[in-house]
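Scroll down for the structure; my scribbles are underneath it.
The values are calculated or read from the model by the stated rules, or taken from the named source; none is laboratory data. Computed from a prediction, not measured in an experiment: that's the story for all the values here. Cβ coordinates were reconstructed from backbone atoms using ideal geometry, including for glycine residues, and neighbour counts include every protein chain displayed.
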Ligand code: TXD
């Protein structure tokens, strides 16, 4: 059985964690790509030299040429600038749009059969751009945002209640920004609705912290944005695809009628397996949730409207 080849486009903060975890968990052989000469090669060599302790026999390579990602079954894209304090994710659009167009052509031409997870911000616009420029089918292009946002809410609920993070389940849909929609009704602790365990006031505070969680880390780091939790979120998606686990995860998927959305990538629950986004799961939203979701979708629509492909 041949090992899957995983191409990581972007060897920066998140790309480095992706390479380490993908290789050391033996998800597949890793090729780390970047435009900066030496960066991917240096990180790959360092990770490869640590493999004996990790017990990993995966190949870990660095590359600056798209020819070197040939044969990749899975591509994870972090290419692009990250936020600095005071910046919104949307502020990255102009610069990262040109980068994503370039990346999409490189992946289209050299890994045409890959399933692609986009991480770069502004996420909903970047994954849309990749889809449009690459021409890949919608099931093979998915954005990572909801898994991270849901995971952050899970952490905040677990810390508030003093319970294991493993027993907290949360669902955050919509765009990856301030208008994201944490669905409190669908958050549980070992199956117990969180609204039975926390007051509305405390839940609202945790929801607000979730919306601002990315910015909270940026303000502390000052030189970049979160990198470990986004990488782990993308790896949860990657593992479900590579191992055909059929996980139900909140991901940025191309909606063509689902949730009343047509032609946009927004965060929705989906089944991730060997076929990529195998199906979108539509859940019932009450009036308030639907209004928040619609407002989030409208923000994505306006963001995407500014894209010139
Ligand atoms: O939940 C989410 N989706 C977000 C995404 C969570 C956190 C971070 N989010 C975004 O991911 C962030 O706003 C950035 O847009 C990306 C990557 O974040 P990271 O922290 O990894 O940024 P770095 O460390 O600056 O790494 C980006 C790398 C860097 O090494 C550049 O040289 C490289 O991208 N880069 C390119 N690679 C390939 N091709 C091109 N054209 C290119 N341009 C820059």
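Let's see how each residue does on (1) more than 16 Å from the chain's Cα centre (by Cα); (2) closer than 24 Å to residue 235 by Cα:
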{"site": "261", "(1), (2)": "yes, no"}
{"site": "267", "(1), (2)": "no, yes"}
{"site": "270", "(1), (2)": "no, yes"}
{"site": "278", "(1), (2)": "yes, yes"}
{"site": "284", "(1), (2)": "yes, no"}
{"site": "287", "(1), (2)": "yes, no"}
{"site": "294", "(1), (2)": "yes, no"}
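Selection of the range 101-121 for residues being over 21 Å from residue 17 (Cβ atoms) and within 10 Å of the ligand (Cβ to nearest atom) yields 101, 102, 106. Of all positions in the range 34-55, none carries a residue that is touching a residue at least 60 places away in the same chain (Cβ under 8 Å) and not in a loop (DSSP other than H, G, I, E, B). I'd like the residue in the range 166-210 that is assigned to a helix (DSSP H, G or I) and touching a residue at least 60 places away in the same chain (Cβ under 8 Å) and, out of all such residues, is surrounded by the most Cβ atoms within 10 Å (Cβ to Cβ). Ranking the candidates gives 210 first. Applying a threshold of 7 Å to beta carbon distances and a minimum spacing of six or more residues, or different chains, the list of pairs starting in the range 222-235 at a residue that is surrounded by fewer than 19 Cβ atoms within 10 Å (Cβ to Cβ) and ending at one that is assigned to a loop (DSSP other than H, G, I, E, B) reads 222/85; 224/82.
A count restricted to the range 211-231 and to residues that are part of a helix (DSSP H, G or I), within 11 Å of the ligand (Cβ to nearest atom) and either touching a helix residue (DSSP H, G or I) at 6+ places or on another chain (Cβ under 8 Å) or closer than 14 Å to residue 157 by Cβ (or both) stands at 6. So how many residues does the range 24-56 have that are within 13 Å of the ligand (Cβ to nearest atom) and either surrounded by fewer than 21 Cβ atoms within 10 Å (Cβ to Cβ) or at pLDDT below 95 (or both)? The total comes to 7. Looking at the range 1-15, which of its residues are near the ligand (Cβ under 8 Å from one of its atoms) and either surrounded by 24 or more Cβ atoms within 10 Å (Cβ to Cβ) or not assigned by TED's automatic domain parsing to the domain that holds residue 62 (or both)? Result: 9, 10, 11, 14, 15. Close Cβ contacts (under 8 Å, 6 or more residues apart or on different chains) running from residues in the range 12-30 that are in contact (Cβ under 8 Å) with a residue 40 or more places away in the chain and farther than 18 Å from residue 64 by Cα to residues that are in a loop (DSSP other than H, G, I, E, B) and within 14 Å of the ligand (Cβ to nearest atom) comprise 17/227. Total residues in the range 89-100 satisfying the condition of being closer than 14 Å to residue 128 by Cα, within 9 Å of the ligand (Cβ to nearest atom) and either surrounded by fewer than 20 Cβ atoms within 10 Å (Cβ to Cβ) or in contact (Cβ under 8 Å) with a residue 24 or more places away in the chain (or both): the figure is 3. Scanning the range 70-88 for residues that are away from the ligand (no atom under 11 Å from the Cβ) and either closer than 20 Å to residue 13 by Cβ or buried (at least 17 other Cβ atoms within 10 Å of the Cβ) (or both) turns up 72, 73, 74, 75, 85, 86.
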